[in-house]
1. Once you charge only the Cβ atoms, +1 for Lys and Arg and -1 for Asp and Glu, what is the size of the charge dipole of the protein assembly as shown about its Cα centre, to the nearest 20 debye?
2. Percent antiparallel among DSSP beta bridges with both residues in the protein assembly as shown, to the nearest 5?
3. Got a sec? How would B:Phe123, B:Phe94 order by Cβ neighbour count within 10 Å, fewest to most?
4. If you take the C-alpha gyration tensor of the range B:69-267, multiply each eigenvalue by 5 and take the square root, what semi-axes do you get, largest first, in whole Å?
5. Just how far, in whole angstrom, is the range B:1-51 from the range B:57-78 if you go by their alpha carbon centroids?
6. Just how far, in whole angstrom, is the range A:238-267 from the range B:226-256 if you go by their alpha carbon centroids?
7. Most fluctuating residue of B:Ala91, B:Ala176, B:Ala11 in a GNM of chain B with Cα springs under 10 Å: which is it?
8. Choose one answer from B:Gly140, B:Gly183, B:Gly222: the residue with the largest mean-square fluctuation in a GNM of chain B with alpha-carbon springs under 10 Å.
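What follows is calculated from the coordinates using simple rules that are stated; it is not laboratory data. Just so you know, these numbers come straight off a predicted model, no measurement behind them. Cβ coordinates were reconstructed from backbone atoms using ideal geometry, including for glycine residues, and neighbour counts include every protein chain displayed.
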Amino acid sequence: MADPLEARASFEASRAAAEPLLVVDGVTKRYPNGTVALRNVSMSALPGELTVVLGHNGSGKSTLVRCIVRLVDPTEGSIRIAGDELVTLSRSRLRRARRHVAVIFQDASLVPRRSALANVATGCLGRARGIRTSLGGFPARELALARLRLERVGLAALADQRSDTLSGGQAQRVAVARALHQHPRVLLADEPVASLDPDAAADIMQLLRDLASTEEIAVVCVLHQLDLAGRFAHRIVGMRLGQVVLDAPASQVGMEELAALYRTDAG
Amino acid sequence: MTATGAAPAQAAWLRIWRRHAPSSLTGLMVAIAVVQAYVVIEARPGDILTGIGGIADIVRRGVPPDPVILGPAVYQSLVTVDVAIIGTALALAFSLLLAFWAAENVTPGGPLYAGSRAIIAVFRAIPDIVWALLFVTAVGLGPFAAALGLAVHSIGVLGRLFAEAIEDVNMDSINALVVTGAGRMQIATHAVLPATLPTLIGLTLYRLDTNVRSSLVLGFVGGGGLGFAINNALNLFQYRKLLALLIVMALLIAGVEAVAVALRRTIH
């Protein structure tokens, strides 16, 4: 059996050789009421890698995701996506930079009353500017590509079904397809399996892991399920009280270490 | 002994007072409000009993209703409905724009937010009849002034209701588009409108229904249509004509309401 420290060192060496697609460096988020949600958080994500972020409710995981796409502006620190600094960008430049980052939210967050296909096609809005998309339509080419994305997540047959009639697992797959249609370099998923049954949750995690390797994108997924983290993650980041307290390859992190993240008396 | 016995009794009274004081005070304030209103409006219930004969006399003189007015009444009904349609259509266009600026979750913020909120508040606060009278000075008596009056007041009402409907949209479905790099207009047409469309259409139909009734009232003050004809018949003591017009009015209101309810049901 290989020495764990040696294996860890070799993993870190291979990471160091690759160019990270997402670099979070010393990010702090302090709200006007004095609450500090993130304290000097640093992490990175490589192409082809699924990074799982674990931690208690309120540990700063979702704030981190929102800071990365600047839905929430960080107070300090730097966030780079494929080499581009996001924190200092103006609104218009930020809009262009956001095209490289897709987000999947907890409840899929599809637009109700629109078809699965139309929801997937909205992934193109950042690049397809013009009268047609401004008036609620899509170019025919984008619709054809969106259909392929639905096929990729196994939902081609449901393309014309209204999104508010889909099951939780199907809706989350549509959200994944929408994120893919954005052609992202980095895919962020904020508790994407929180409301799914164990089988559907495992399906979504497998899909995210497959996408990371086949599309050569960096996937960062916020989770609470330790078993899923252990099964699917390449790398695990643990957070507590707004700080990163664990950042290691999944193969080097035991279940005991993961469970410790959720122990209330853990210091 | 006496002192120790008095303290618990005092505490019990205090508990009862704290429990019942808010509802008792509210009840007292409502009672005062109703009594003062009764006095201020000089309510005389006895006059209803003595004067009911006058109403019965008008109805008696109106029977049978005059069928000759049915032809003109159809056209006057059309005018009444058309005033409401134009008033609502103009309001729909402007209030939708204002609502996007006034809704906290999608507003561009700054002066657009403050300005749109102020416009909505002022337009809503001033009744449609006052707006219509103001427009009479600009475009003269008639249905056009009435339509403009209805439009301005309805912009305020619909603007506020639309903004509230937009604020109820799930922010994550908006954020999901924001992070694609979508622009403000794209977010409006691809996320906000589809999510709120049934509510917006329902509110617009309800407003159209209300505007038909308001259009009748505006007719009394020179806005034309059925209200104007009813006022004329009343002033000229043409009671058979008046009763026929009132029947047409009741049918018109019932018809518009039925259509609005049917359309609202179809949307959902």
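1. So the dipole magnitude of the protein assembly as shown works out to roughly 1200 debye.
2. Of the beta bridges lying entirely in the protein assembly as shown, close to 55 percent run antiparallel.
3. B:Phe94, B:Phe123
4. Listed largest to smallest, the semi-axes of the range B:69-267 are 38, 19, 10 Å.
5. Spelled out, the Cα-based centre of one part sits 50 Å from the other.
6. 79
7. Largest GNM mean-square fluctuation: B:Ala11.
8. It is B:Gly183.
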